[in-house]
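The values are calculated or read from the model by the stated rules, or taken from the named source; none is laboratory data. Here the structure is a predicted model, which means the values were calculated and not measured. FYI the Cβ positions are ideal-geometry reconstructions off the backbone, even for glycines, and counts take in every protein chain you see.
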Amino acid sequence: MRRLFLWIAVTLAAVMLAACTSQASIVADRASRQNPVISIMAPLHFPNAPSKEVMDKLEGLTGVQLDVTWVGDGIYTDKMYTALSTGSLKNVTFIKHTDYMMVKNAIRDEVFWEIGPYLERFPNLRHLDDRILNQAAVDGRIYGLYTERPSSRQGIILREDWLDKLGLPKPSTLDELYETLRQFTTMDPDGNGLNDTIGLTDRNDLVYGAFKTLSSYFGAPNNWGVGENGVFPEFDTAAYRNTMDFMKRLYDEGLINSDFAVASKDIQRYQIITGAAGAYIGSMTDVQRIQDEARELNPSARFTLVNRIAGPDGFRVWSIPNYNGLYLFSKKAIKTEEELLQHLAFFDRTMDKEVANLLRFGIEDVHYKQINGLVRLSEETTQLRVNEVNALYALMIADVSNPNIMKVEKQEYMLEQAERLSADNEKFIVNDPTLGLDSKTYDEKSPELYKIIRDATYKYMLGQLSPEGFDAEVARWKRSGGEDMMKEYSEAYFGQD
C-alpha cells in the first residue's frame with residue numbers, strides 16, 4: 001500500500017512538473033510573441049553605440065527585443081549596398097537620402113514593403129507629414145519612415161581662438177575664406193613655433209564634405225539646374241569648375257589635408273579636434289561634440305560658426321529634402337503582414353513622449369534633469385550623453401515636428417548657435433528642382449554615371465586631370481546615359497502642372 005501511495009505521489013508530482021513545464025513553455029512562447037525581435041541596420045555618427053542600460057530601457061518601454069547593427073557613417077553606404085545586393089538585409093534598414101534614389105529599382109522589384117496603407121492604423125504614424133512622405137514616394141507609394149531634418153545645416157566650423165590670435169574676422173566672402181585658410185596654415189595660429197597646421201580638413205565625400213557646400217557658395221545648382229534648354233547637371237556649370245579650381249588651389253598650396261580624397265570622416269574629425277586643422281566644412285551641429293572633445297586635449301580651444309559666405313550670386317547653400325533618410329522594411333526578412341505591423345508599432349511607439357525623450361536625451365536624472373517640464377542638460381553630463389545616448393538619435397523618426405519631445409531649458413551654447421544658423425539658412429537655400437521627378441535612366445544607371453563624375457572631380461582637384469580631360473569625362477557621362485537622363489528630367493519638369 002505504501003508503495004502504491006508512493007507511486008501515486010511520484011506520478012502526481014511528475015504530472016504537475018510536466019504541467020508547470022508546459023505552462024512555462026506557453027508563457028515563454030507568449031512572451032516571445034509579445035516581444036518580437038526587431039533587427040535594424042542604422043548609421044553610427046558617434047564613437048560609441050548606446051549603452052546597455054539605455055537599450056534595455058528602450059526595449060522595456062517598447063516591448064520588443066532590439067537587434068541593432070550600428071555601422072560607422074563613413075562606411076555605411078558600402079555596407080548597405082552589400083546587404084542589398086547579397087539579400088542579407090536586416091528587417092529594417094536605414095537608407096540615406098543620397099542613396100535612396102539608387103535603390104528605387106529594388107523598391108519597384110518589391111524588395112521592400114509598401115507601408116503607406118498601414119500608417120492610418122497607428123496613433124503617431126498617421127500624423128506623419130504628407131508633404132515629406134510624398135517627397136520620398138516611389139510611383140506615388142509610401143515605403144519608408146523618414147528621419148526629419150532641417151533643409152540645411154551646412155556651414156563652416158572654425159577655431160575662434162586662432163582667428164583672435166591672427167587678428168582675423170570671421171570670413172564672409174570666398175576670398176576671405178581663402179585668406180583665413182592660408183593664415184591658419186602659414187602663420188602659426190597655435191603659437192607652438194612649428195609648421196604643423198593646415199587650414200581646412202576634409203574627407204572623401206563630395207556631398208557632406210566641403211565640396212558641395214563650397215559649390216553652392218560659388219553659385220552651382222543643387223544636383224541639377226534648369227535653363228531655357230532644359231534640365232542640366234551641376235557639374236556642367238562654370239560654378240562647379242570654379243569650386244574644383246578653389247579646392248585644387250587649396251591642395252596645391254598645402255592648405256588642406258593632402259589625403260582629403262581618401263580620408264574618412266573619423267580622420268577629418270581627428271584633425272580638427274587635435275588642432276591639426278582650423279576649419280571644418282559640413283554640418284554645423286557637429287560643433288558641440290567637436291568643441292567638447294577638443295577641450296579635453298586643449299582647454300583653451302574655442303570654436304565659432306559661419307553660415308553666410310557671399311559668392312558671385314550672394315548667399316546660397318544647398319539643401320536636402322526635409323528628410324535625411326528613410327527606414328525601409330525588407331520583405332525577405334519580414335515575411336508576414338502581422339510581422340510588419342509589429343515593426344511599424346515599434347516605430348510608432350518611439351514617437352510617444354516617454355520613448356521619444358529617452359531617444360533624444362537619455363535617462364532622466366542620469367543624462368538630464370527635468371525642471372518644471374523642461375529638460376536641463378548640464379555640461380557635466382555632456383560626455384556621458386555622447387558615450388551612452390547620442391547614437392540613438394539615428395532611430396528617431398519625424399522628431400523635428402514631434403510635439404511629444406520636451407523643450408530644453410537652456411541648450412548647450414554651440415549647439416544652440418548651430419540650430420539658429422541652420423534656421424537662418426532657410427532664407428537662401430537652393431533646392432533640387434528634380435525632387436519628386438522620375439528618370440528611368442537615373443534609376444537604372446545613376447551609380448555608374450555618378451562614378452564617372454566623382455572620379456573626374458577628384459582627379460581634377462589633385463592635378464591628375466586637365467580642364468579638357470574633365471570636359472571629356474562630362475561628354476562620356478552624357479554618352480553613357482546622361483543625355484537621356486537630362487531629357488527625361490526636362491520632360492518631367494516642364495510637364496508638371
| Only one of (1) in contact with a Gly (Cβ under 9 Å, 6 or more places away or on another chain); (2) part of a helix (DSSP H, G or I); (3) farther than 21 Å from A310 by Cα; (4) of a type outside the set (S, T, Y) fails for D164. Which number is that? | (1)
| message | Between a residue in the stretch 362-390 that is touching a residue at least 40 places away in the same chain (Cβ under 8 Å) and farther than 18 Å from F46 by Cβ and any residue that is among the β-branched types (V, I, T) and exposed (fewer than 15 other Cβ atoms within 10 Å of the Cβ), which pairs come within a Cβ distance under 6 Å, given they are 6 or more apart or on different chains? | response | none
| task | May I ask you to verify whether Q271 is within 29 Å of L415 (Cα to Cα), out of contact with any helix residue (DSSP H, G or I) (no Cβ under 8 Å at 6 or more places or on another chain), surrounded by 15 or more Cβ atoms within 10 Å (Cβ to Cβ) and in the same structural domain as N192 (by TED's automatic domain parsing)? | result | yes
| field | Residues satisfying the stated conditions in the stretch 133-188, i.e. in contact with a strand residue (DSSP E or B) (Cβ under 9 Å, 6 or more places away or on another chain), under 30 Å from L437 (Cβ atoms) and of a type in the set (D, E) | value | E148
| task | May I ask you to verify whether Y217 is closer than 30 Å to N195 by Cα, aromatic (F, W, Y) and out of contact with any strand residue (DSSP E or B) (no Cβ under 9 Å at 6 or more places or on another chain)? | result | no
| said: Residue pairs, Cβ under 9 Å, 6 or more apart or interchain, first in the stretch 139-158 and over 28 Å from Q288 (Cα atoms), second surrounded by fewer than 22 Cβ atoms within 10 Å (Cβ to Cβ) and of a type in the set (S, T, N, Q). List them. | reply: G140/N134; I142/N134
| field | Residue that is more than 28 Å from D443 (Cα to Cα), touching a residue at least 24 places away in the same chain (Cβ under 8 Å) and in contact with a strand residue (DSSP E or B) (Cβ under 6 Å, 6 or more places away or on another chain), where the choices are L66, L61 | value | L66
| note | Picking from R159, R131, R182, the residue that is closer than 24 Å to S422 by Cβ and outside the structural domain of Y100 (by TED's automatic domain parsing) would be R159
| request: Say whether the condition of being β-branched (V, I, T), more than 27 Å from G219 (Cα to Cα) and assigned to a loop (DSSP other than H, G, I, E, B) is met by at least one residue in the stretch 298-312. | output: no
| query | Which ones in the stretch 383-419 are surrounded by 14 or more Cβ atoms within 10 Å (Cβ to Cβ) and among the basic types (K, R)? | reply | R385
| message | Tally up the residues in the stretch 85-103 that are in contact with a Phe, Trp or Tyr (Cβ under 7 Å, 6 or more places away or on another chain) and of a type in the set (A, V, I, L, M), please. | response | 2
